[in-house]
Every structure is written in structure tokens, then in C-alpha cells.
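Following: one structure in C-alpha cells, then a few remarks.
The values are calculated or read from the model by the stated rules, or taken from the named source; none is laboratory data. If you're wondering where the values come from, they're calculated on a predicted model, not measured in any experiment. For neighbour counting, all protein chains shown are included, and Cβ atoms are generated from backbone atoms with ideal geometry for every residue, glycine included. Note: accessible area is taken over every heavy atom of the protein model, side chains too, but ligands, DNA and RNA are not part of it. Shrake-Rupley method; radii C 1.70, N 1.55, O 1.52, S 1.80 Å.
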Amino acid sequence: MMAAPPIQFDRASGVLEGANPWERLAAIALRLGSKVASNFSHRGYNGCANLLRRTLPERDIEIRLNPDATFAFPYGDGYWSKLLNRSFSYEDELDLLFQDSTDIDYTLLDCGANYGYWSVLVSSAPYGSHKAIAVEPSSQNFAKLANNAKINGNRFNVMKCAIGASRGTAHLSGTKHEAFSIAGDAAEGEEVPVIALDNLLDDGKIATDGKYLIKLDVEGVEIEAIKGGARLLQGDSVLLCEEHGNDPLHTVSRYILEQTPLKLIVYDPRTNRLETVTELSILNRIKVSSHVGYNVFGTASAFWQSRISALNANAARHMQ
């Protein structure tokens with residue numbers, strides 16, 4: 001049986017096409033739910049959306065993020081349906097850096113890419129048509145990632161593996177597609193190949209003298225992944241790494257600050273600036289929601305540090 005064609009939604013205009021009356025009603029519920037839940041950092045939204053999804057026919061929705069970027073996912077998906085709310089913005093701190101870097105010749109290494117949201121955007125014309133390598137270990141997620149590469153003209157590369165400290169294999173655990181992990185010593189779950197970031201250099205996938213933004217969304221193996229990228233991180237790279245809201249010890253940031261040569265930088269929503277961190281106590285103020293991930297940046301690159309300083313100067317001018 002042929003799969004039903006995807007529903008289409010344009011974030012700029014708000015136009016929804018190809019949906020039946022029940023699916024249109026669901027879109028209203030998903031959008032309003034996101035607007036209400038945004039007051040509580042979207043706590044509970046994913047679960048409610050996933051319940052609603054069970055009442056919907058199985059089909060994809062393709063969301064037009066900008067005139068050159070289309071992002072598809074199963075209609076009603078709890079994690080991604082927030083995009084139906086046009087006032088919702090996903091990972092502001094990353095968007096700030098990507099939008100400021102359109103003129104730089106860099107490659108995005110999208111590790112733990114899920115369905116490829118950032119690879120779709122960063123490779124689009126409004127973001128500078130950058131090269132991207134999207135790395136995702138889960139077979140379930142990888143099929144959707146590969147589809148997003150396809151509907152965007154295969155303009156970014158995809159790799160099916162996990163990122164860790166060294167080459168090997170591991171087992172994925174977890175029930176939520178956005179939170180599959182190789183952390184721990186699970187003996188069950190999908191067996192997946194593991195590579196280190198530096199293996200991308202060894203294997204000729206990337207060049208040592210390139211500029212890189214490395215998004216590391218690897219659900220509990222951040223420190224191992226950082227260890228496996230020591231050579232890459234010595235160059236013109238910025239690590240964009242998730243700091244978990246439910247970790248009062250700020251484990252990832254503490255490791256970057258105390259155990260690596262990288263400068264630690266965090267986005268402070270109060271000032272709309274990327275602040276260099278010398279004291280981890282700033283994270284107590286920024287990490288206000290225990291069930292949300294917060295991105296922190298690490299870089300040893302003078303080039304990227306000067307760009308971030310210029311970005312802050314621009315932000316200050318916009319606020320005046």
C-alpha cells in the first residue's frame with residue numbers, strides 16, 4: 001500500500017495543505033498546546049502530542065522552515081510538532097551562531113543528528129549553503145534523516161554510526177527517538193558502530209585545516225566524544241554541546257572548563273550574548289528547567305573567539 005503523501009506546512013505563512021479535517025483540528029491543538037506549554041518550558045507537551053498522534057493516520061508532515069529548507073517528520077510527533085507553533089524557536093543559542101556565520105566557509109558536524117533539523121537548515125541558502133555531515137546511529141532515526149537529505153536534494157552527507165571516544169560498537173538504549181543513547185554498558189538494543197570525531201580526520205571525511213561547528217547531541221557520552229576529538233578541537237572548531245538541565249553539577253561544562261584547553265562559552269538569555277565562563281555558577285542561573293537541554297560552546301580557536309566577540313558587539317548594538 002502506498003504511503004499517503006505528506007502534509008505541507010509553511011512556517012512563514014502558516015498555510016497548512018493536504019490535511020483532512022481531523023488532521024487540521026489536530027494541527028490547531030498541537031499549535032495551541034505549544035503556545036500554552038511554552039510558559040512551562042514545554043513540560044508535558046511531548047507526551048500529550050504523542051497521545052494525540054495515536055488517533056492520526058500514519059503519515060509525514062513536511063515543514064518549510066525557509067524557502068530553501070524542508071524538514072519532514074511523522075505527523076503528531078511530540079518532539080518536533082512544536083514547529084507548528086510559528087512563535088516557537090528551536091535552540092536559540094545555536095541559531096544565533098549559525099545565522100551569524102553565513103559568510104564563513106565552515107562544515108557542520110551534526111553528531112546525534114536525529115532527523116537532521118540543523119543539517120537541513122545550515123545547508124540552506126539563507127544560512128550560507130554550508131557543507132554538513134549528519135551522524136546518527138539509530139536505524140529508525142537514520143531512515144528519517146536520509147529522507148530529509150533526499151527531499152533537500154541530498155545536499156548534506158549522512159553517516160549511520162554513534163560518536164564516542166574510539167572506534168568500536170555499542171548498543172543503543174532508550175524509548176524516545178530524541179534520547180537514544182549508547183551511555184552505560186547496555187547488552188541489548190540495536191548494535192551500532194562507534195567512531196571518534198578524530199576518525200573523521202583519519203578517514204579523510206574532513207580536512208585538518210577546515211573550520212568546523214560540531215554539534216554534539218550524544219545523550220550522556222559527551223565527555224567520551226570530546227576525548228575522541230582532541231586533535232579536531234585543537235583547530236578552528238567550536239564544540240556545541242548539550243548541558244543537561246537536570247545536572248546540578250554541570251558535568252559537561254565542568255569537564256570542558258577544567259580538563260580541556262577549550263574556552264567555555266554559554267548563551268545568556270538575559271543579555272542575548274555568548275559569555276565566556278570562568279565560574280560555573282552562571283549556569284545555576286541559566287539552567288532554569290530540569291527537563292531541558294542547554295547548549296554550551298567550547299573552542300580553542302582564536303578565529304572563532306574573535307567572531308563570537310563581534311557577534312556580541314552586534315547584539316549589543318541591536319539592543320540599544
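A few remarks follow.
- Selection of the range 263-287 for residues being open to solvent by 80 Å² or more (accessible area, probe 1.4 Å), in a loop (DSSP other than H, G, I, E, B) and either among the polar types (S, T, N, Q) or modelled with pLDDT of 80 or more (or both) yields THR278, GLU279.
- Selection from the range 288-320 of residues that are in a loop (DSSP other than H, G, I, E, B), modelled with pLDDT under 80 and open to solvent by less than 40 Å² (accessible area, probe 1.4 Å): SER289
- Matching residues in the range 42-57 - criterion: being open to solvent by 50 Å² or more (accessible area, probe 1.4 Å) and in contact (Cβ under 8 Å) with a residue 24 or more places away in the chain: ARG43, CYS48, ASN50, ARG53, THR55, PRO57
- If you filter the range 108-147 down to residues that are of a type in the set (Phe, Trp, Tyr) and either open to solvent by less than 10 Å² (accessible area, probe 1.4 Å) or in contact (Cβ under 8 Å) with a residue 24 or more places away in the chain (or both), you find that the one that is farthest from ILE63 (Cα to Cα) is TYR127.
The rows are residues; the columns are (1) farther than 25 Å from ASN312 by Cβ; (2) not hydroxyl-bearing (Ser, Thr, Tyr).
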position	(1), (2)
ASP100	no, yes
LEU108	no, yes
CYS111	yes, yes
SER129	yes, no
ALA134	yes, yes
ASN152	yes, yes
ARG155	yes, yes
ARG167	yes, yes
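- Any chance LEU232 is under 17 Å from THR107 (Cβ atoms), of a type outside the set (Lys, Arg) and touching a residue at least 40 places away in the same chain (Cβ under 8 Å): no
- Criterion (among the small types (Gly, Ala, Ser), touching a strand residue (DSSP E or B) at 6+ places or on another chain (Cβ under 8 Å) and within 28 Å of SER41 (Cβ to Cβ)) met by exactly one of SER253, SER290, SER281, SER237: SER253
- In summary, TYR90 fulfils each of the numbered conditions (1) open to solvent by 20 Å² or more (accessible area, probe 1.4 Å); (2) in contact with a helix residue (DSSP H, G or I) (Cβ under 9 Å, 6 or more places away or on another chain); (3) at pLDDT below 95; (4) more than 29 Å from GLY235 (Cβ to Cβ) with the single exception of condition (4).
- Only residues that are farther than 22 Å from PHE297 by Cβ and either within 19 Å of the chain's Cα centre (by Cα) or of a type in the set (S, T, N, Q) (or both) were counted across the range 196-218, and they come to 1.
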